[in-house]
Amino acid sequence: MSGLPSLPPITGSSRVGLHDLQSRPHGDAVIVGRLATGEVVELPPVGAHIIGHLRQHLTVAETARRVAHETGEEVDTDDVADFVTDLTNLGFVASVDDVDVPGPAPRRPAFAWITPRRAAWSLSPLLPWAVGILAITTVVAVAHDPSLMPGYHSLLWSPHGSLVLLVGFGVGWPLVFLHELAHLVTARASGVPARVELGTRLQFLVAQTDMSGIELAPRRHRLTAYLSGMAVNLAVACLCLLAAAGPWSSLRPALQLLALLSLLPLAWQFLIFMRTDVYFVLQDLTETADLYGDGLAYARYLAHRVIPLHRSAPPDRTSDLPAAQRRVVQLYAAVLVAGTVLCLAALASVTAPADLALLVRAAHRVGPDHSLVERLDAATVLIILGGSQALWARTKWQYVRHRRRIRRGD
């Protein structure tokens, strides 16, 4: 494959230099990764033994003998040489016999000034307690004054749809950024060079934080990074409602709108078939290495059994998993298929027709036959709704092109 780095010949006398790698146990296996590039892989224990001896600057042949003696497995020089090749393809090998091996460059972190030391406060065990107390206080306040709780009328605060869209866009996206910034800060506290970027989930345009490498952090750190965005949303909503109940009651409608815009994304996070925050929590707690990938592969396997195709049947990847993980993957596959079908059905029957109708109506109202207010209203709809769809299409196309380059090895 043309995209793989060139590798000097590996013999029994070769000594391999590795980049700075981190690892942690994961069930019967070991997760090994390089934080600088975000590349993480799950290895059997024998792989971790090989890496440990290569780090001690033993030759390939010496490593094979040591590992065979310690594990009782049949490991020879060729096995270790092949393993080094695999590590090179992952970008883990820095040199062979003091000859530098080219590999992927370290990722440039977003907001580089947020260093692990500056972000360390975000991993304090006191923060979850603070958010919990804040939530309980808000529940008590709402129970005392039920009118404090926002409803759908809080969103429809103006008879002009363009103003509703404009304020929702102007307030909603900063809240999205704050949510992703929470992920970035907590991941950075664990040494992960996280980045915030745009992505797509089925028909949805989303902001997402690339936290590749967080899998190497301790569990409490991982869960904090996954849940930090939801915690920020909840905290913002609680603070707004408490302010509306107290000193800033005169701004209650605006504060209720802000609280509702902050609470609504929490429901989205439970759509685990689109790899949301709750999905990563579930994947971590069930100790499945790739819940989405395994679930999708199992769904394809079942689909081929129901509707056999001419090409060879895909393997059942769950057959090699422990019984508990196999049940989780099979259940998730059902949720994945059902959720995807429902989302695409909603797109075809509701979302796409409604968006198209709004765009057509707005396009008709930008002409000179309509008043200035009507034209401004229509232009706002075209910019926000049309711009969002165009951005979704561009982001999706960039992802497809990236996947094609990976398959070609560019």
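Being exposed (fewer than 14 other Cβ atoms within 10 Å of the Cβ) and on the phi > 0 side of the Ramachandran plot holds for only one residue in D82, D98, and it is D98. Scanning segment 119-152 for residues that are assigned to a loop (DSSP other than H, G, I, E, B) and of a type in the set (G, A, S) turns up S124, G151.
Conditions (1) in contact (Cβ under 8 Å) with a residue 60 or more places away in the chain; (2) in the same structural domain as F270 (by TED's automatic domain parsing); (3) exposed (fewer than 11 other Cβ atoms within 10 Å of the Cβ), marked per residue:
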position: R327; (1), (2), (3): no, no, no
position: A333; (1), (2), (3): no, no, no
position: V350; (1), (2), (3): no, no, yes
position: R365; (1), (2), (3): no, no, no
position: P368; (1), (2), (3): no, no, yes
position: L372; (1), (2), (3): no, no, yes
position: W392; (1), (2), (3): yes, no, no
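Restricting attention to segment 137-162, the residues that are free of Cβ contacts under 8 Å to residues at least 40 places away in the same chain and among the aliphatic types (A, V, I, L, M) add up to 4. Condition first: free of Cβ contacts under 8 Å to residues at least 40 places away in the same chain and surrounded by fewer than 15 Cβ atoms within 10 Å (Cβ to Cβ). Now tell me which residues in segment 47-70 satisfy that. Correct list: R55, Q56, H69, E70.
Considering each residue of segment 200-213 in turn, none proves to be on the phi < 0 side of the Ramachandran plot and part of a helix (DSSP H, G or I).
Would you mention how many residues in segment 245-263 are surrounded by fewer than 16 Cβ atoms within 10 Å (Cβ to Cβ) and part of a helix (DSSP H, G or I)?
The qualifying residues number 4.
A323 meets all of the listed conditions (1) within 26 Å of the chain's Cα centre (by Cα); (2) not assigned by TED's automatic domain parsing to the domain that holds I214 but one, namely (1). Scanning segment 213-244 for residues that are crowded, with 20+ Cβ neighbours inside 10 Å and either of a type in the set (K, R) or over 28 Å from M149 (Cα atoms) (or both) returns G213, I214, E215, L216, A217, R222, A225.
The values are calculated or read from the model by the stated rules, or taken from the named source; none is laboratory data. Because the structure is a prediction, the values reported are computed rather than measured. Heads up, the Cβs are rebuilt from the backbone with ideal geometry, glycines too, and the neighbour counts pull from every protein chain shown.
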